[in-house]
Every structure is written in structure tokens, then in C-alpha cells.
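Engineer: Below is one structure. I have some questions about it.
Please treat every number below as a calculation from the coordinates, not as lab data. The model shown is predicted, which means the values in this text are computed figures rather than measured ones. Every residue, glycine as well, gets a Cβ built from its backbone with ideal geometry; the counts of neighbours run over all protein chains shown.
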Amino acid sequence: MSRFAIYYAPFSRDPLWQFGTDILGYDAATGLDSAVMPLAGLNAMGWTALTDEPRRYGFHATLKAPFELAAGRTSSGLVAAVEAFAAAHRPVLLDGLLVSNIGRFVALVPVGPTAALEAFAYEVVKAFEPFRAPLGAADRARRTKDGQLSARQTELVDRYGYPYVAEQFRFHMTLTGSLDPTLQPAIQAALAKRYEATVPAGPRAIDRLAIFEQPSRDSRFHIIAAVPLG
């Protein structure tokens, strides 16, 4: 069964999209591989291995995490609902993005205040709950990390199917999989240098909602619709 997700993904001609797809080696807009851009002294094979996990999802920032459709819901109905939601909401402006370490992986994170973005993301989560099928036992175990989450995060999994929503939400655009701590500083620095060289500095508008589909659990996500806000 297909899974769907509602993400932020830049327009395909945006330098930010080009940066992300070059780093991951996959373009979710076309569904095709793109040239792998190895960094920090790694060859192409080594870099491909380090980006294997985020490549499955495509370059994005999660707003509503992957879900199967509830009974009676359709992908066309989801697209129509996203279009209606987007028309009623304005873009959210960030001061910018920077390359940072988050735990064991490297990602783009916001510069400056994020309260407006966090509120918007929570609206997205709640608005599309009617489209989400309840988590199966295996998915719930995976999302709760077999009891490793806090009580609040577990509560959010049971309410919304995902632990990192509401006050637990942290906007990020993943660039690597889990890294060896000895490699992480060099990789973070190399990615920051590449980002600064390829993406213009300045504010970043979160101005689109993109619907991604994963046809089966062993396939990659790809974009089926992208809708501008406002």
C-alpha cells in the first residue's frame, strides 16, 4: 500500500533544490537519480552509502510524516485538500538556513525565530489527520523506537502517528544518514562550504506544500503534487 507525506520541498529550479538533490543523488521531482557529489575526501561509493537513508525520502522538510490513507480516502482527495489548505495560508518567512549537526546526522536548519513555522507545521499535521490511517503495530513500534521516546513523544505518536510534532517539532532538511562521530565534523564543514557556495544567502520562504508518494515500502518517495501557499 502506498504511503503519502506532506513536505516542504523547494521549486525544482531553486538553487536549494539543486543543492539537496546533488547531495542526495536523487531528484524526487523527476524520480530519477542525479549525479552524486562526494565530499570530505569520500569517493562516490562512500558518499552514496552515507546518504542512502535520506535518499529514499528525497530532499525535503517534514511537515506531516508518511502515512497510509484512511479507509475511503483517495490520493486525488488528498491533493484537493492540500490545494484548499494552501490557498488559505500564506508563506512563512525564515531568516535563512544553515548546515548543522542534529544528533548523528547533518541537516539544514533554520536561522532565527521559528515560532511561526512551528505553528504552521502543527496546523498541517492537524488538518490532514482525517486522511491518515491508524498506525499498524510494526509502524508504531518503529515510530516509538521500542520505548525510547519520552512520554510526551509517545503520546504524540498515538495521537498523530509521529513523535516530532507540536512543541516537539524541529524543522530540518536532512543531508546525511547516521554518521560516525569521527567523520561528522569534516562532513558538516564540507557540506556547509558547498551550501554557501551554491545557495544564495538570505531569507528563505516556506512557500509550497509538496505531496510525496511511496508506492511500496521498498521504493523511494517521489513528488505527485506541489502547491504554492497563499
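Engineer: For Gly177, enumerate residues with amide H under 5 Å from its amide H, sequence gap 5+ or separate chain, H modeled in the peptide plane.
Structural biologist: Thr51, Asp52, Glu53
Engineer: Rank-order 187-198, 14-25, 160-171 by packing density, defined as the average count of other C-beta atoms within 10 Å over each peptide's residues, highest first.
Structural biologist: The packing order, highest mean first, is 14-25, 160-171, 187-198.
Engineer: What's the angle, to the nearest 10 degrees (0 to 90), between helix 151-160's Cα axis and the longest principal axis of the chain?
Structural biologist: Helix 151-160 sits at roughly 60 degrees to that axis.
Engineer: Explain nothing, just compute: Karplus ³J(HN,Hα) = 6.51 cos²θ - 1.76 cosθ + 1.60, θ = phi - 60°, for every residue of the range 192-201 in order, whole Hz, x for Gly and Pro.
Structural biologist: 4, 5, 5, 4, 5, 7, 10, 10, x, 6
Engineer: Can I ask one more? Fewest to most neighbouring Cβ within 10 Å: what's the order for His222, His89?
Structural biologist: Starting with the residue having the fewest Cβ neighbours, the order is His89, His222.
Engineer: Determine, at each q value in 0.15, 0.17, 0.18 (inverse angstroms), the log₁₀ of I(q)/I(0) that the Debye formula gives when each Cα of the chain is one equal point scatterer.
Structural biologist: After summing over all Cα pairs, the log10 values are -1.07, -1.39, -1.54.
Engineer: Out of Leu63, Leu209, Leu179, any idea which swings most in a Gaussian network model of the chain, alpha carbons joined below 10 Å?
Structural biologist: Residue with maximal mean-square fluctuation among Leu63, Leu209, Leu179: Leu179.
Engineer: Something else: If each Cα of the range 88-211 is one equal point scatterer, what is log10 of I(q)/I(0) from the Debye formula at q = 0.13, 0.16 Å⁻¹?
Structural biologist: Once normalised to I(0) and log-transformed, intensities are -0.68, -0.97.
Engineer: Using Cβ counts within 10 Å as a stand-in for footprinting exposure, how do Arg56, Arg90 rank, fewest first?
Structural biologist: Arg90, Arg56
Engineer: In a Gaussian network model over the chain where Cα atoms closer than 10 Å are linked, find which of Ala137, Ala86, Ala210 has the largest mean-square fluctuation.
Structural biologist: Between Ala137, Ala86, Ala210, it is Ala137 that shows the largest mean-square fluctuation.
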